[in-house]
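First comes the structure, then the notes that go with it.
Bear in mind that the values in this text are calculations on the coordinates, not laboratory data. Predicted model, so just to flag it, every value in this text is computed and none were measured. Cβ placement follows ideal geometry from the backbone for every residue including glycine, while neighbour counts extend to all protein chains displayed.
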Amino acid sequence: MTPNELAAIIDGEGGPAPTSAEIEAFEALIGARLPDDYRAFLALTRGGRLRKPVVFSLAGEEIGTERVGCVAGLCADEDCSLEERHRTASDCDIPEGLLSIMTDGGGNDIALVLRPDRCGEVFFLDHEVSGGEGRPTLEDAEGEDWVYAIRFASSFSEMVAGFRSAPF
């Protein structure tokens, strides 16, 4: 799947696609520049729910094991709002320096790394195996004490390329 194909099946109830100025204002709010491929995707859609199922797999899983739930964007819907996800990241144990950009069907976060040293990497955050206390660093979340940050892809584009449309 391509980012354009993914954007085309998002419900679009959030209104017209965001402007460059809106994307830049969000970047100013979070204090980081978004990776270019993700910025380009945000310019296509405000985010929302999918009109048809999209599946993916993590390394070692059977193809189509996971399902995309909500795709976050610059929308007012609290469940799909990037701004709201950024604001509540510490409450949701999102590792420092990551931004939740979507969820799977079970409510697990899929997050984009914004830190300069690993910018653009994508992680699947499995809330059922999280451990430890407080908000972890990415390295802690990947480590043996937390073990819930699973590296998903090296970029947003690579992640979306692994998505597949599924029959209803």
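Both radii are taken from the alpha-carbon atoms of the chain; with Rh as the Kirkwood radius, Rg/Rh is 0.94. Charges were assigned to the Cβ only: +1 to each Lys and Arg, -1 to each Asp and Glu. The resulting dipole of the chain about its Cα centre is roughly 700 debye. Between the alpha-carbon centers of the stretch 80-101 and the stretch 40-74, tell me the distance in whole angstrom. Each part reduced to its Cα centre gives a spacing of 17 Å. Dividing the alpha-carbon radius of gyration of the stretch 55-135 by the rule-of-thumb value 2.2 N^0.38 Å gives 1.09. Here the spin labels are modelled as points 7 Å beyond Cα on the Cα-Cβ line, and at T19 and R118 they lie 3.6 nm apart. The modelled label-to-label distance between D11 and D36, using points 7 Å beyond Cα along the C-beta direction, is 3.4 nm. The order of D117, D11, D93, going from fewest to most other C-beta atoms within 10 Å of their C-beta, is D117, D11, D93.
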